[in-house]
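> Can you keep this structure in mind? I'll have questions shortly.
Readers should treat all values here as calculations from the given coordinates under stated rules, not as data from a laboratory. On a predicted model such as this, the values are computed, not experimentally measured, just so you know. Please note: Cβ atoms are built from the backbone with ideal geometry, for glycine as well, and neighbour counts cover all protein chains shown.
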Amino acid sequence: MCLGVPGQILDVDDSPLRMGRVAFGPTIKEVSLACVPDAGPGAWVVVHAGLALDQLDEEAARLMIEGLAQLELEPGEG
């Protein structure tokens, strides 16, 4: 089973690959943003294995975070 977790993009670096720092609660990770070319700082994305797969609106991200909390997982733990 795969688990994608929501995170918020803090900043983007386009050279040489599109990468960004993404916050998962207090945890910050370097993530590939190649699959979400329109996502920028402040955007919410679903991340699996270091790759942002899709962009979310803030409400969808909030609902996913609440669902993870019900499973007793924090964003970034998957």
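> Work out, step by step, the length gained on full extension between Ala49 and Val12: first 0.36 nm times the residue separation, then minus their alpha carbon distance; give nm to one decimal.
Working: separation 37, 0.36 × 37 = 13.32 nm, distance 1.80 nm.
Residue separation times 0.36 nm, minus the Cα-Cα distance, leaves 11.5 nm.
> Using a basic spin-label model with each label point 7 Å from the Cα along Cα→Cβ, how many nm lie between Glu30 and Leu71?
2.7
> So what's the net charge close to Val22: Lys and Arg +1, Asp and Glu -1, counting the other residues with Cβ under 11 Å from its Cβ?
On the way: positive: Arg21, Lys29; negative: Asp11, Glu30.
Once all neighbours under 11 Å are counted, the net charge is 0.
> Helix 58-70 sits at what angle to the longest principal axis of the chain, using alpha carbons and giving 0 to 90 degrees rounded to 10?
40
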